[in-house]
Amino acid sequence: MRSPHIISYMGREKIKYQSLRRLKKCGVLVFGRDILVEADCKISAGVELHSPCRLTGKTRIDSGAVIGAFSIIENSEIGENARIEQSKISHSRIGARCTVGPFCNIRDGSETGNDCRLGDFVEIKNSSLGNGCKAAHLAYIGDADLGERVNIGCGVVFANYDGRKKSRSTVGDRCFIGCNCNIIAPAHICDGAYVAAGTTLSGEIEENALVVGRSKLSVKSGGAAGRYLNG
């Protein structure tokens, strides 16, 4: 077996990287040359690696997974047939058949079940997501535990920090969280609840509840005159 290459990367010296030739012989599909896989990473046969990407630490990639260009995976596990596009995953676990990205940031201590969809500009920190959860775009899920088949709309924020301490929130199975909602920790949303777009909530929400937290719309005819000087 050919010994790993020893090269420098971003100022770090004497890091051992696996030979791309050896990866190909082991059944890994390599597309391009700018692919860095550290020596302790375990890459299964049938995995696709697209240049440029970087895999570090004790990362494990299961068979059929696709690691797209510009992805960085650090000390994480990627399940079978998952697809990672232009995203960063650190000290986390992604389940089978999940799609992540583009431009996701999966931070330390996060875990997803199988068949999850995490879209563009979604950030997850120290959170767990059950099977079939979806956060398609522009959301922050921090210090939260989500059940199965939860839908997180665009612009949803889990407000986990009050300036002194961080608190956790939980969301039950089959919940729908509409666009631009604020979940202020600690919050507990029970199974089947539907949170309408634009709602801010905290505390406990009962099972199958419909939650609407918008302020009453006020429209004053002609009231805009002179307010926008550059309009």
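The values are calculated or read from the model by the stated rules, or taken from the named source; none is laboratory data. Because the structure is predicted, anything quoted here is derived from the model rather than measured. Backbone-built Cβ (ideal geometry, glycine too); neighbour counts: all protein chains shown. Surface accessibility is based on the protein's heavy atoms, side chains included, excluding ligands, DNA and RNA. Shrake-Rupley method; radii C 1.70, N 1.55, O 1.52, S 1.80 Å.
A compact table of results
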read-out	value
Antiparallel DSSP beta bridges within segment 127-231, as percent of all bridges there, nearest 5	5 percent
FRET efficiency, Ala136 to Thr200 (Cβ-Cβ, R0 25 Å, nearest 0.05)	0.75
Among (i) -0.30, -0.46, -0.70, -1.08; (ii) -0.19, -0.31, -0.58, -1.26; (iii) -0.22, -0.37, -0.67, -1.30, the entry that matches log10 I(q)/I(0) by the Debye sum over Cα atoms at q = 0.07, 0.09, 0.12, 0.17 Å⁻¹ as calculated here	(i)
Sulfur and carbon atoms: percent of accessible area, the chain [1.4 Å]	50 percent
Residue-normalised accessible area of segment 62-115, given per residue in Å² at a 1.4 Å probe	39 Å²
Relative contact order (%) - the chain, alpha-carbon pairs under 8 angstrom, separation at least six	8 percent
Rounded to 5, the percent of DSSP beta bridges in the chain classed as antiparallel	10 percent
Kirkwood-Stokes translational diffusion coefficient of segment 22-92, alpha-carbon pairs, 4 °C, 1.567 mPa s, µm²/s	113 µm²/s
Orientation-averaged projected area, Cα convex hull of segment 121-231 (nm²)	9.1 nm²
Dipole of the chain [Lys/Arg +1, Asp/Glu -1 at C-beta], most positive-end residue of Thr99, Asn160, Gln86	Gln86
Unit charges on C-beta of K, R, D, E only; dipole of the chain, Debye	840 debye
